Amino acid sequence: MNHSTKEKKNLNWKNLGFSYIKTDWRFTALWEDGKWNQGELVRSEVMNLHEGSPVLHYAQSCFEGLKAFSSPEGKALLFRSNLNWERMKETSARLMMPEVPEELFMRGLIECIKANEAWIPPYGSGASLYIRPMLIGIGENLGLRPASKYEFRIFACPVGPYYKSGGLSLIRLAVTDLDRAAPQGTGAVKTGANYAGGLLATHRAKELGATEALYLDSSQRRYLEEAGSANIVLKMTRNRFVTPSSSSILPSVTRKSLMVLAEQELGLTLEERPVDLRAEINEIEEFGACGTAAVLSPVSHVLLDGPWHAFYKEGQEVGPVMQRLYQTLTAIQKGEQEDKYGWTLLI
Ligand code: PLP
Ligand code: COI
């Protein structure tokens, strides 16, 4: 069956936010009796789950987020999906879930994107197709143990900017006294429980006038971890591009890509190491939050120990490093610039 219709949907592409929009098809595959079935595209966005499903009680869930972009020629380009597959593999192993084979992951992605071609935002709209692969433990269960069945599902939604102000938007982060993750916990994998645990921190940060919460390490409350839905990158004095290393932050595909660009394209010196926020704050020249949804959002202010620390003065332009990194990353993603690193896949 040919699922795809080429003609674009009639959406206000330039004004999309980051919200669920029901697209035509989603991909689903089931793991039962120790093996995966072939998987198929289905119409319904509603899942029929057993009330004992381990995902519902014990949060046996993992997910990914990646984007497809329209190129100037109107082709769809997928960004670094191999890294999302690898991360889902890491997450599923940590949560005692079966590995989704790379072939199934990639086939599901490609089928889902092609079937929803009419929903891929057109070139020049500033929007993209956000793709959400997920793996959950389902089926009858009561005691604390891994599920006996799993569903791997992929759906996609056209999205605009994650943070309201759009494009290369300036955001504010408030350091929270809640912890997101412990050193040997699940902070480095993409499981739903990490996000449920972070909702209160984000809520409190918003009450203080911030866009999101910023976490410090849970044992000493000294070292930078990450924001609720994004990693942190810093342009520091002496041409350094610095990013926190920690066993409890999510290894971001976007951060990994920005590190390559900062070194190769901007000639900055890379440092991936613990960052003592209070001791080093005056050496930070530009502060950024990065992720698939967040792209690269420059951070204008951080609330730390009482006062707001400003990285930008009122009315000041975004710093040159974050500006160039944003432009280079998004130009590669959209196929406007030669993909010399082999990061995009033509669908
Ligand atoms: N950190 C957290 C907690 C996230 O949810 C995300 C988003 O996926 C990121 C970082 C950024 O990761 P990536 O660039 O792979 O999307
Ligand atoms: C992403 O950037 O893909 C994420 O998963 C973050 C999510 C909280 C929207």
Would you mind telling me which residue in E207, E117, E285 has the biggest mean-square fluctuation in a Gaussian network model of the chain, where springs connect alpha carbons within a distance under 10 angstrom? E207
Going by Cα centres, the stretch 300-346 and the stretch 132-211 are how many Å apart? 22 Å
In this structure, among K8/K164; K114/K235; K14/K235; K114/K164; K8/K206, pairs with alpha-carbon gaps over 32 Å are K114/K235; K8/K206
Using the crude model of +1 on Lys and Arg Cβ and -1 on Asp and Glu Cβ, and no other charge, please compute the dipole size for the stretch 13-160 relative to its Cα centre, in debye to 20. 400 debye
How would you rank 210-217, 193-200, highest first, on the average number of other Cβ atoms within 10 Å across their residues? 210-217, 193-200
If one compares the long axis through the Cα atoms of helix 102-115 with the longest principal axis of the Cα atoms of the chain, the angle in degrees, nearest 10, works out at 90 degrees
For the chain, I need the span (max minus min coordinate) of the C-alpha atoms along each principal axis, in Å, sorted largest to smallest. 57, 52, 34
Could you give the size of the charge dipole of the stretch 255-306 about its Cα centre, using +1 on the Cβ of each K and R and -1 on the Cβ of each D and E, expressed in debye and rounded to the nearest 20? 260 debye
Virtual spin-label span in nm between L266 and N82, 7 Å along Cα→Cβ: 2.5 nm
Mind checking which aspartates and glutamates have their C-alpha under 17 Å from K9, skipping anything on the same chain fewer than 8 residues away? D24, E117
For the chain, the dipole about the Cα centre with charges only on Cβ (Lys and Arg +1, Asp and Glu -1), to the nearest 20 debye, works out at 480 debye
Would you mind putting 140-146, 12-18, 54-60 in packing order, based on average other-beta-carbon counts within 10 Å, highest first? 54-60, 12-18, 140-146
The chain: relative contact order from alpha carbon pairs under 8 Å, six or more residues apart, as a whole percent, is 19 percent
Using alpha carbons only, how many degrees (0 to 90, rounded to 10) separate the axis of helix 81-94 from the longest principal axis of the chain? 80 degrees
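Here, each number is a calculation from the coordinates, and none is a lab measurement. These numbers come from a predicted model, not from an experiment. No Cβ is skipped: glycine too gets one built from the backbone with ideal geometry, and neighbour counts run over all protein chains shown.
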